[in-house]
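Following: one structure in structure tokens, then a few remarks.
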Protein chains: 2
Amino acid sequence: MENTRLRRDPVSLRWVVISPSRAELPFPGLPVRPPGVPAEACPFCPGNEAKAGPEIHVEREPGSPANGRGWWVRVVADKYPILHIEGGLEKSAEGMYDSMNAIGAHEILVETPEHDQHWAALEVLQLDRILRACQQRSVDLRNDPRFRHVIWVKNHGLPTSLFQHQHSHIVASPFVPPAIEEELRGFGTYVRWKERCVLCDVVKQECAVGHRIILQEGTVLAFSPFAPRFPYETWIVPTDHAHDFGATRTAVLRDLARALQGIVTRIRHLLNDPPYTLVLHSSPLGEFTREEYHWHLELVPRPPQVLGLEWGTGIYINPIPPEVAAERLRQAVR
Amino acid sequence: MENTRLRRDPVSLRWVVISPSRAELPFPGLPVRPPGVPAEACPFCPGNEAKAGPEIHVEREPGSPANGRGWWVRVVADKYPILHIEGGLEKSAEGMYDSMNAIGAHEILVETPEHDQHWAALEVLQLDRILRACQQRSVDLRNDPRFRHVIWVKNHGLPTSLFQHQHSHIVASPFVPPAIEEELRGFGTYVRWKERCVLCDVVKQECAVGHRIILQEGTVLAFSPFAPRFPYETWIVPTDHAHDFGATRTAVLRDLARALQGIVTRIRHLLNDPPYTLVLHSSPLGEFTREEYHWHLELVPRPPQVLGLEWGTGIYINPIPPEVAAERLRQAVR
């Protein structure tokens, strides 16, 4: 067993304590949640399309009617958006402070017509449709000059969601989300110094050493990063440099769907179906585009422990070295 | 009721969604926790000093014996440190990655001799002793050239602590914690642009407008920041510029103790004694000192909701405008 070491993530430049001598807590499984909305009343179920509102984007059986049954994935406006589509930004000062209207797009991607479908049991074809829908929305939303970024967020197994029917969030924002800003500093520093993309170098090194790789599907690599903040944090990265998820080729999306299915299946089986968050990291848009960025997915299981020192300091202590996590995930096939 | 707006924190430069139309969740009170170690076996109780180990720093009744009864506050080494005091940093490369030994100091500040004392019921004199102990440790630890920063963290009411006896953590690290790094970028940007400290300007503006102030005790101001990530987030700031908590004058520490007591009492009564985290933000040390920094305390109640979109994106949605939070906290005196 290696000793406790500090490791620096080369993208965020964050030091993390990798502390294998600390106790590993078991993942307790999905939290108890109140019974969700039943299928009859579920706005995400076929037949109830009117409840969820008109479809912004859809993939459906040829010939099936818009806003009716026959769809595979469906994107609608969130009924309780965190950012609102109507209006101008109205940026203003309040003394020394800055504020603007909470303008943006907040859309719901309904990921399957089946009410009780488990996310990890979705077929590759269906995951591919989901990713294509994300891509299409990303490409469409960038036409709005108010938006600087589009992010896709999938929360699996959170007890707070009203709807158990599988869905995820697409959010276009007039600012770059802090998680992406932090990475941009790392990409920017590295490219100025090395004239290369840091994540391209990471992919090459991970392929060379091998022991943090979980799986590879064609042009997409899934691995435990060198300095993960949380146990079983996983990055899913295209091996060829690309800053813009919106421009991803069909074949790469298909590889991504395969890799994603492999990871969520392994996470489910190894960790007792934990809640997790999956976030698509891509470059900002328009004049804020950064070509040194390298898009990827980050999947973070919600840790079984309450955050202590981490909360408020950003000092993360991870008891599971990524080499161990990757080994366990490699072996976690059904 | 104001509309949903995006506000930018002038220190971290983070945009936050202030969304008063979203539901406020009630604070559920302290989580259920397993019974802690009883007083007889508690290493933080008088008479059991040997269990906690030798005192690194102490304030005690004149004439009382070292490592025996008679102390008011006591600092000892953590038995399960996240960073270890022995050894060299041994910074090294692993291919393109950076790592070093997890060297640092991790000390426990035992905040009272009384086993069942509630943190919010500590007297100002006792809080003053606690703050003086932090200061003394900060001054002593900076003599170790391996350390770049000293942070003080108080977690109130976390269910994971073995010990209910009031204590907090002092951590000296060979890197600057990410929460401080993020602020340093804001302080640095502002001072280059304005040739002034951003937090000095914040203090002046808050005093001028008044509606986010919770209380003032002499030279220390407590207020709800303009763009809080979480409901009832509170900053406690000396009104005169000072980058280094270690150099704080006795009179300012006393004001800080008074302000802190006022805040934790109000938080306890208004929010049903919620768990919270209190973190001392101060400048890095030695050659990494930054005189434009302005030390302060940040108190963040653990939010009643599970983090959804916030987790993994850094986009925070806060349903309670700070003007409302401050008004409620002002009125929350027993």
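Quick note: the coordinates plus some simple rules give every number you see, no bench work behind them. Just so it is clear, the structure is predicted and the values come from calculations on it, not from any experiment. Methodologically, a virtual Cβ is constructed for each residue, glycine included, from the backbone with ideal geometry; neighbour enumeration extends over all protein chains shown.
Annotations for the structure displayed:
- Exposure proxy ranking for A:207, B:200, based on other Cβ atoms within 10 angstrom of each Cβ and starting from the fewest, stands as A:207, B:200.
- Teacher prompt: residue B:38 distances to equivalent labels in other copies, 7 Å Cα→Cβ, nm: 5.1
- Dipole magnitude for region B:105-256: about 460 debye, using +1 per Lys or Arg Cβ and -1 per Asp or Glu Cβ, origin at the Cα centre.
- Were the residues from residue B:192 through residue B:333 laid out at 0.36 nm apart, the gain over their Cα-Cα distance would be 46.7 nm.
- For chain A, built as a Gaussian network whose Cα springs stay under 10 Å, the top-fluctuating residue of A:257, A:39, A:179: A:179
- Reported to the nearest whole Å, the Cα centre-to-centre distance from region A:44-108 to region B:177-213 is 36.
- Calculated from backbone phi, Karplus (6.51, -1.76, 1.60) coupling profile of region B:287-300 in Hz, x at Gly/Pro: 5, 9, 3, 10, 6, 7, 5, 9, 5, 5, 9, 10, 10, 10
- The alpha-carbon of residue B:194 sits under 19 angstrom from the alpha-carbons of these aspartates and glutamates, leaving out residues fewer than 8 places away in its chain: A:94, A:98, B:9, B:182, B:183, B:206, B:240, B:291, B:292.
- Protection proxy ranking of A:90-99, B:313-322, by the mean of other Cβ atoms within 10 Å over each peptide's residues and highest first, is B:313-322, A:90-99.
- Semi-axes of the equivalent ellipsoid for chain A, Cα gyration tensor, largest first, Å: 31, 25, 21
- Of the residues B:260, B:13, B:299, the one that moves most in a GNM of chain B with alpha-carbon contacts below 10 Å is B:13.
- Placing a label point 7 Å from Cα along the Cα-to-Cβ axis, residue B:331 is separated from the same position in the other copies by 6.1 nm, shortest listed first.
- CD proxy at 222 nm, helix term only [per DSSP H run n ≥ 4: -39500 (n - 2.57); per residue of the protein assembly as shown; nearest 500]: -8000 deg cm²/dmol
- Remark on residue B:215: its backbone amide H falls under 5 Å from those of B:222, a criterion applied only to residues 5 or more positions apart or on other chains, H modelled at 1.01 Å from N.
- Per-residue 3J(HN,Hα) values for region A:210-222, derived from phi via the Karplus relation 6.51 cos²θ - 1.76 cosθ + 1.60 with θ = phi - 60°, read x, 7, 9, 6, 9, 6, 10, 10, x, 8, 10, 10, 10 Hz in sequence order (x marks Gly and Pro).
- Cross-link partners of residue B:154 among lysines, defined as those whose alpha carbon lies under 20 angstrom from its own and excluding same-chain residues fewer than eight positions apart: B:79.
- Using the Cβ-Cβ distance between residue A:64 and residue B:23 with R0 = 45 Å, the FRET efficiency computed as 1/(1 + (r/R0)^6) comes to roughly 0.80.
- Label points for residue A:80 are taken 7 Å from Cα along Cα→Cβ. From this copy to the others they lie 3.7 nm apart, shortest first.
- In plain terms, the chain from residue B:85 to residue B:287 could stretch by 70.7 nm, reckoned as 0.36 nm per residue minus the Cα-Cα distance.
- Per residue of B:171-177, other chain Cβ atoms within 10 Å of the residue Cβ number 4 on average.
- For B:4-16, mean number of other protein chain Cβ atoms within 10 Å: 5
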